[in-house]
Amino acid sequence: MTTAQVETKQFQAETRKVLDIVINSLYTERDIFVRELVSNAADALEKFRHQSLIEKIEFDSHVPLEIVIDGDDKKHTLTIADTGIGMTREELETNLGTIAHSGSQHFFEQLAEAAKKDVNLIGQFGVGFYSVFMAAKSVRVQTRSWDGGEGWEWSSDGGGTYSIGPCPGLHRGTKIIIELKDDAHTYASKFTLERIIQQYSTFVPFPVKVEGKKVNTVQAIWTRSKSEITDEEYTEFYKFVANAVDEPLYRLHFSADAPLAINALLYVPKENFEVLGMGRMQPGVNLYCQKVLIDQHSENILPEWLRFLKGVVDSEDLPLNISRQSLQDNALVVKLRKVLTKRVIKFFAEEAGRDADAYREFWQTFGIFIKEGVTSDFEHRTELAKLLRFESSASEPGSMISLDEYVGRMKDGQDKIYYINGPSRVAVEYGPYVELFKKRGIEIFYTLEPIDDFVLNHLGEYDGKKLVSADRADVSLPEPAADADPAAAQETAEPLAAAVLTSLCRWMKEVLGDRIQEVKSSDRLVDSPAMIVNVDGYMTSSMERILKASGQGEAFGMGSKKDMEINGASPLIKKLAALREADPEFAKDLVEQLYDNAMIQAGLLVDPMVMVRRNYRILERIADGPADAA
Ligand code: ADP
Ligand code: MG
């Protein structure tokens with residue numbers, strides 16, 4: 001190429017960071033750059049094959065679909081060429097000069113962390129190409145798009161810049177020419193290359209040739225019958241399709257003939273990359289039709305909440321030449337999605353029954369997606385509810401139970417399923433809301449994640465039983481059976497007289513004003529003097545806290561409808577009734593403090609400065625000794 005036409009550009013800042021990370025990461029697993037380049041070549045071939053089904057392509061139509069790899073032991077170069085879709089000049093610049101995940105600092109921290117731990121992981125970050133600089137002094141990418149436009153050459157030594165200039169005389173596809181670093185000469189050897197290809201690229205669905213010899217066996221594993229496939233092959237395929245290095249957590253291989261012909265091979269990975277801070281995951285299942293890739297990382301064949309699945313789905317009922325755009329509203333695709341989703345949910349339910357330990361691991365890692373499904377996928381909500389797991393008052397600390405287990409243990413006369421949110425099991429068990437549940441021996445779910453109340457709220461009911469948060473005002477528990485354990489049914493201390501209590505409630509309401517709707521005598525409190533309950537039909541304290549924190553509180557008109565319930569048998573409330581006569585000002589401070597304490601137990605915010613100041617007043621009084629002694 002003539003130098004005059006060559007333009008030199010800066011890499012995007014984020015790309016430079018990625019390059020730094022890649023170049024400076026451990027070299028122990030350097031082989032993976034070959035895998036990344038071969039996988040890009042395979043992707044480019046798949047894209048071309050699909051494009052050629054959608055429209056008739058004249059340019060270079062005779063060129064066979066393949067990947068050709070050559071090493072030159074003397075010049076210490078390695079060349080990887082494909083006859084795939086190629087790139088235009090603009091595509092070269094965006095694809096190899098910038099990275100898609102730009103911006104997030106967290107992304108780079110995670111990438112650097114992953115690269116330190118295991119450089120294999122970088123392929124999963126969508127920056128595989130740059131791994132070439134682990135082994136390359138310099139790289140040239142010569143490419144010509146399938147549309148027959150001009151050819152271009154991109155080159156860089158992995159420093160701050162790259163150059164692009166015209167490159168005439170190319171066929172369709174991309175050729176990557178690597179000048180190897182002094183300590184990476186082995187990648188020019190046929191022996192090394194064959195070893196790596198056999199290890200990583202068995203499932204590339206196009207011939208891969210090393211020095212003219214085909215080294216892979218082209219096969220679509222998912223179309224073979226289960227009994228012929230070994231565990232090793234399944235795992236190898238997982239590694240290929242998920243760009244993974246470990247084993248999957250679950251594997252589901254199934255085929256169906258009705259209502260659609262389907263061959264699906266799906267995997268659940270071991271890790272949830274979303275919680276690792278990579279932002280929202282792309283879907284990981286590819287759609288094939290008669291072994292031709294139609295839609296990589298398809299957004300159409302599974303609901304969003306199943307985006308953690310990896311694998312392939314092949315249906316010969318789909319039209320081969322369907323374009324990616326028209327998949328979305330294709331009736332067959334809609335049907336396919338329905339069948340797949342139901343099958344996957346059924347699979348999880350079966351696995352839960354088959355191996356509780358494995359399911360626990362699954363739930364800990366991917367339960368959040370199931371919960372997302374309950375809130376977003378109306379169609380499958382009921383089936384999904386079977387997969388939910390929570391701690392409960394009857395479960396061992398740290399272990400979880402299903403809604404079915406809860407329902408199976410419900411007491412006679414109990415027609416609702418109860419839950420209460422809290423930051424931890426201990427916090428919930430110390431709180432006022434579970435007191436009567438404990439006393440009556442009624443099981444209650446502990447929803448310890450902030451999102452849980454939204455999930456159960458969306459679900460509304462299970463097996464015909466309403467799901468009710470225990471911080472609601474209208475909770476009324478079934479009366480204890482006549483033959484109940486007398487110790488448990490033992491009455492608490494003598495409560496205040498009804499008239500005194502009513503008058504105390506009215507006065508407390510005056511003190512607290514609009515912050516609450518009503519102060520009432522509680523029939524649920526056992527030990528605690530007071531608690532806050534929600535009068536609004538659907539909102540729980542935990543939901544209110546989250547909506548407020550996210551700045552959406554106003555939109556939901558919240559913070560208004562609450563009652564305070566007080567316990568007429570509690571010594572503190574009894575003393576308060578007396579103090580109200582003797583020292584009304586001080587008694588008001590106590591009411592305020594009771595309210596703040598109850599709000600804190602509900603997980604809601606109080607003004608800490610005001611509370612601390614009041615608290616000092618109260619402490620001062622205590623230090624003074626009893627009021628009547630003064
Ligand atoms: P990813 O493959 O995860 O998208 P990479 O860093 O490996 O990330 O590649 C970046 C992009 O460069 C690819 O998405 C593709 O668009 C383009 N690309 C890389 N190699 C090729 C190739 N051989 N042919 C065509 N396009 C390519
Ligand atoms: Mg790639």
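The values are calculated or read from the model by the stated rules, or taken from the named source; none is laboratory data. This one's a predicted model, so the numbers in the text were calculated from it and none came from an experiment. Using ideal geometry, Cβ is built from the backbone for each residue, glycine included, and neighbour counts are taken over all protein chains shown. These area figures cover heavy atoms from the full protein model, side chains too; ligands, DNA and RNA do not enter into them. Shrake-Rupley method; radii C 1.70, N 1.55, O 1.52, S 1.80 Å.
One residue stands out among those in the stretch 195-213 that are crowded, with 17+ Cβ neighbours inside 10 Å and assigned to a helix (DSSP H, G or I): the one that is modelled with the highest pLDDT, which is I196.
A quick yes/no check of all residues on (1) without any contact (Cβ under 8 Å) to a residue 40 or more places away in the chain; (2) within 22 Å of N534 (Cβ to Cβ):
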site: L387; (1), (2): no, no
site: A394; (1), (2): no, no
site: P397; (1), (2): yes, no
site: G422; (1), (2): no, yes
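Residues that are surrounded by fewer than 16 Cβ atoms within 10 Å (Cβ to Cβ) and at pLDDT 90 or above do not occur anywhere in the stretch 551-563. Listed by first and then second residue, the pairs with beta-carbon distance under 6 Å, at least 6 apart or on different chains, first residue in the stretch 209-233 and within 30 Å of D72 (Cβ to Cβ), second of a type in the set (A, V, I, L, M, F, W, C) and surrounded by 10 or more Cβ atoms within 10 Å (Cβ to Cβ), are K209/V68; V210/I69; V210/L193; V215/I197; V215/V208; N216/V204; N216/V208.
Yes/no matrix, rows are residues, columns are (1) part of a loop (DSSP other than H, G, I, E, B); (2) within 30 Å of M599 (Cβ to Cβ); (3) free of Cβ contacts under 8 Å to residues at least 12 places away in the same chain:
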{"residue": "V339", "(1), (2), (3)": "no, no, no"}
{"residue": "R343", "(1), (2), (3)": "no, no, no"}
{"residue": "A352", "(1), (2), (3)": "no, no, no"}
{"residue": "R360", "(1), (2), (3)": "no, no, no"}
{"residue": "I370", "(1), (2), (3)": "no, no, no"}
{"residue": "Q414", "(1), (2), (3)": "yes, yes, no"}
{"residue": "Y418", "(1), (2), (3)": "no, yes, no"}
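Would you please name the residue that is surrounded by the fewest Cβ atoms within 10 Å (Cβ to Cβ), looking only at residues in the stretch 350-384 that are of a type in the set (G, A, S) and not assigned by TED's automatic domain parsing to the domain that holds E274? Here the answer is S376.
So that you can scan it fast, the table gives a plain yes or no per residue for (1) over 23 Å from V374 (Cβ atoms); (2) within 17 Å of the chain's Cα centre (by Cα):
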position	(1), (2)
L249	no, yes
L252	no, no
L309	no, yes
S315	yes, no
N330	yes, no
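Annotation note: of S227, S163, S138, S155, the sole residue that is assigned by TED's automatic domain parsing to the domain that holds D246, of a type in the set (G, A, S), on the phi < 0 side of the Ramachandran plot and not in a loop (DSSP other than H, G, I, E, B) is S227.
Among the criteria (1) assigned to a loop (DSSP other than H, G, I, E, B); (2) touching a Phe, Trp or Tyr at 6+ places or on another chain (Cβ under 9 Å); (3) modelled with pLDDT of 95 or more, the one N216 does not fulfil is (3).
When D257 is tested against (1) at pLDDT below 95; (2) in the same structural domain as R307 (by TED's automatic domain parsing); (3) under 30 Å from the mean Cα position of the chain (by Cα), just one condition goes unmet, and that condition is (3).
Of the strands (runs of 3 or more DSSP E) lying entirely inside the stretch 1-89, those carrying at least 2 residues that are more than 16 Å from ligand 2 (Cβ to nearest atom) and under 20 Å from L193 (Cα atoms) are 67-72, 77-82.
Residues that are of a type in the set (G, A, S) and either in a loop (DSSP other than H, G, I, E, B) or modelled with pLDDT of 95 or more (or both) were ranked within the stretch 90-111; the one that is nearest to ligand 1 (Cβ to nearest atom) is A100.
Here is a yes/no grid of residues against (1) without any contact (Cβ under 8 Å) to a residue 24 or more places away in the chain; (2) β-branched (V, I, T); (3) open to solvent by 60 Å² or more (accessible area, probe 1.4 Å):
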| position | (1), (2), (3) |
| --- | --- |
| E565 | no, no, no |
| I573 | no, yes, no |
| A578 | yes, no, yes |
| L590 | no, no, no |
| Q593 | no, no, no |
| P608 | yes, no, yes |
| R614 | no, no, no |
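Counting the residues of the stretch 391-409 that are farther than 12 Å from Y462 by Cβ and either among the hydrophobic types (A, V, I, L, M, F, W, C) or in contact with a Leu (Cβ under 7 Å, 6 or more places away or on another chain) (or both) gives 4. A single member of T186, T192 is in a helix (DSSP H, G or I), among the β-branched types (V, I, T) and open to solvent by 40 Å² or more (accessible area, probe 1.4 Å), and it is T186. Residue count for the stretch 227-246 satisfying the condition of being small (G, A, S) and under 23 Å from the mean Cα position of the chain (by Cα): 2. Only one residue in L318, L388, L336 is buried (at least 20 other Cβ atoms within 10 Å of the Cβ) and touching a Cys at 6+ places or on another chain (Cβ under 7 Å). Which one? One residue alone meets the criteria, L318.
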